[in-house]
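Read the structure below first, then the notes.
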Amino acid sequence: MIVAHRKNIQDLKAALTEYKNILVLGCGGCVTVCLAGGEREVGMISSALRIAFRLDEEEHEIREETIERQCENQFIEDILDEVQWADAVVSLACGAGVQAIAERFPLVPVYPGLDTKFIGILQEQGVWAEKCTACGKCVLGTYGAVCPVTRCSKSLLSGPCGFAHNGKCEIAPDRDCGWQLIYDRLKALGKLDTLLEPAPLQDWSQSHEGGCRVIVREDQRVKTTLDK
Amino acid sequence: MNYEPKILALCCHYCAYAAADLAGSMRAQYPPNVRVLRLPCTGKVDMGYIMRAFESGVDGVIVAGCLEGGCHFQEGNLRARRRVEMAKNVLTEAGFDSNRLEMFNLSSAEGSTFAEIINTMTERLRGLGPNPLRHERERTPEGTVA
């Protein structure tokens with residue numbers, strides 16, 4: 001899932017102070033699961049904003065809505081009236097959701113209520129860990145399903161850097177060395193010999209380095225190029 | 001008129017609520033400032049309850065749960081404590097005095113402790129003055145609550 005974390009209330013307040021009608025919009029997708037931008041968090045952040053504004057004797061009306069997913073126009077259509085009422089929207093979605101709302105409503109200011117952090121997993125209750133960088137060319141099959149691009153702090157594909165200590169990365173004593181994890185996993189699988197092969201060159205043009213990415217599936221499109 | 005704080009007490013059915021009952025049977029004296037809301041467990045406490053209570057003008061919120069290790073649902077009171085800490089952080093971030101919120105632990109046999117908790121919080125809130133979010137019409141020109 002995409003993991004996010006809420007922004008500071010005072011920072012949000014400062015950004016919204018010029019708007020009277022404010023819609024705080026939650027997302028029922030990833031950010032609900034990571035407890036950052038679901039219905040409950042919409043209530044909590046809205047309350048905190050109301051309190052912060054009222055303490056400074058600022059008059060604002062804050063309404064709350066949460067839709068199934070902010071990254072799909074189909075669900076955005078459910079809140080047309082609320083957005084038309086609002087002078088500004090605070091989107092508690094990931095960066096994709098915020099931009100989807102902004103694209104759908106070109107004349108409505110949209111502010112992110114969350115900082116989008118990474119693609120990760122729930123490691124234990126209350127702990128989320130990054131597992132994927134969305135590099136566009138998955139190499140997990142080569143490295144025993146431990147991602148060197150994400151788990152190695154230096155994203156090294158052809159072996160460890162040599163600065164790990166007791167299995168921990170040099171950047172932080174609580175951070176596992178990605179290459180230690182890869183080695184241990186391949187050893188347990190009896191596939192250490194795969195590391196003897198030179199690592200193939202990674203095609204970084206498939207990652208964000210190649211610019212903003214778009215995937216087109218003609219078989220899924222309603223309007224295909226044949227229609228033109 | 002002198003300001004008297006309004007306190008919301010979110011009380012666990014298995015301890016604080018029973019302790020409040022016992023305090024009554026014991027004729028223990030405590031100020032009439034508290035409104036008790038019974039919950040099945042303090043694990044039911046949602047940050048939204050606390051935030052909205054303050055928004056609506058309550059002067060103080062008490063979350064009263066079982067002694068640590070004594071929760072009827074194993075760890076509801078431990079979760080409540082973490083949520084209360086989180087709520088305190090968010091309230092502080094919003095510029096609101098988080099001393100208006102406190103969690104207490106007690107058993108159902110502690111009627112006098114319940115009275116003591118209400119006394120403690122009432123005194124604290126008298127010192128802090130009225131919730132600045134109370135509606136203007138509830139205030140006298142001096143800023144005290146009628």
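The values are calculated or read from the model by the stated rules, or taken from the named source; none is laboratory data. Not measured: the values here are computed from a predicted model. No Cβ is skipped: glycine too gets one built from the backbone with ideal geometry, and neighbour counts run over all protein chains shown. Ligands, DNA and RNA are stripped out before the accessible areas are found, and what is left, the full protein with its side chains, is counted by its heavy atoms. Shrake-Rupley method; radii C 1.70, N 1.55, O 1.52, S 1.80 Å.
The residue that is farthest from A:W85 (Cα to Cα), among those in segment A:30-43 that are facing chain B (nearest Cβ under 10 Å) and surrounded by 21 or more Cβ atoms within 10 Å (Cβ to Cβ), is A:E41. Taking the criterion of being surrounded by fewer than 13 Cβ atoms within 10 Å (Cβ to Cβ), over 24 Å from the mean Cα position of the chain (by Cα) and not charged (D, E, K, R), would at least one residue in segment A:199-213 satisfy it? Checking segment A:199-213: at least one residue is surrounded by fewer than 13 Cβ atoms within 10 Å (Cβ to Cβ), over 24 Å from the mean Cα position of the chain (by Cα) and not charged (D, E, K, R).
All conditions but one from (1) in a helix (DSSP H, G or I); (2) open to solvent by 50 Å² or more (accessible area, probe 1.4 Å) apply to A:C161; the one that does not is (1).
Okay, residues lined up against (1) open to solvent by less than 10 Å² (accessible area, probe 1.4 Å); (2) charged (D, E, K, R); (3) in a loop (DSSP other than H, G, I, E, B); (4) modelled with pLDDT of 95 or more:
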site: B:R79; (1), (2), (3), (4): no, yes, no, yes
site: B:V84; (1), (2), (3), (4): yes, no, no, yes
site: B:K88; (1), (2), (3), (4): no, yes, no, yes
site: B:N99; (1), (2), (3), (4): no, no, no, yes
site: B:E102; (1), (2), (3), (4): no, yes, no, yes
site: B:A109; (1), (2), (3), (4): no, no, yes, yes
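On the basis of being touching a residue at least 12 places away in the same chain (Cβ under 8 Å) and within 14 Å of chain A (Cβ to nearest Cβ), does B:I50 make the cut? Spelling it out, B:I50 is indeed touching a residue at least 12 places away in the same chain (Cβ under 8 Å) and within 14 Å of chain A (Cβ to nearest Cβ). In the set (1) closer than 18 Å to B:D46 by Cβ; (2) touching a helix residue (DSSP H, G or I) at 6+ places or on another chain (Cβ under 7 Å); (3) more than 9 Å from chain B (Cβ to nearest Cβ), the condition left unmet by A:C27 is number (1).
Each residue in segment B:37-47 was checked for being buried (at least 18 other Cβ atoms within 10 Å of the Cβ) and either in contact with a Phe, Trp or Tyr (Cβ under 7 Å, 6 or more places away or on another chain) or more than 13 Å from B:F104 (Cβ to Cβ) (or both), and 4 pass. Residues that are open to solvent by 60 Å² or more (accessible area, probe 1.4 Å) and either touching a residue at least 12 places away in the same chain (Cβ under 8 Å) or part of a strand (DSSP E or B) (or both) within segment A:126-141 comprise A:W128, A:E130, A:T133, A:K137, listed in sequence order.
Step by step: first the residues of segment B:56-72, then only those that are within 26 Å of A:A36 (Cα to Cα) and at pLDDT 95 or above, then the one that is nearest to the other protein chains (Cβ to nearest Cβ). Which residue is that? The residue in question is B:V61.
In segment A:1-29, the residues that are more than 15 Å from A:R63 (Cα to Cα) reach residues that are among the polar types (S, T, N, Q) and assigned to a strand (DSSP E or B) with C-beta atoms within less than 9 angstrom, at least six apart or across chains, in these pairs: A:I2/A:T116; A:V3/A:T116; A:A4/A:T116; A:H5/A:T116; A:G28/A:T66.
When you scan segment B:3-24, do you find a residue that is within 22 Å of B:G129 (Cα to Cα), within 14 Å of chain A (Cβ to nearest Cβ) and crowded, with 19+ Cβ neighbours inside 10 Å, even just one? Outline the logic, then answer.
Within segment B:3-24, the subset within 22 Å of B:G129 (Cα to Cα) is B:3-10.
Keeping just the survivors that are within 14 Å of chain A (Cβ to nearest Cβ) gives none.
No, that holds for no residue.
Determine whether A:E57 is open to solvent by 60 Å² or more (accessible area, probe 1.4 Å) and farther than 30 Å from B:F54 by Cβ. No; evaluated as a whole, the condition is false for this residue. Taking the residues in segment A:102-136 that are in contact with a Phe, Trp or Tyr (Cβ under 8 Å, 6 or more places away or on another chain) and aliphatic (A, V, I, L, M) as candidates, determine which candidate is nearest to A:H208 (Cα to Cα). The extreme case among them is A:I121. Within segment A:199-224, being part of a loop (DSSP other than H, G, I, E, B) and either of a type in the set (A, V, I, L, M) or under 13 Å from A:V139 (Cα atoms) (or both) holds for A:A199, A:P200, A:L201, A:Q202, A:D203, A:S207, A:V214, A:I215, A:V216, A:V222.
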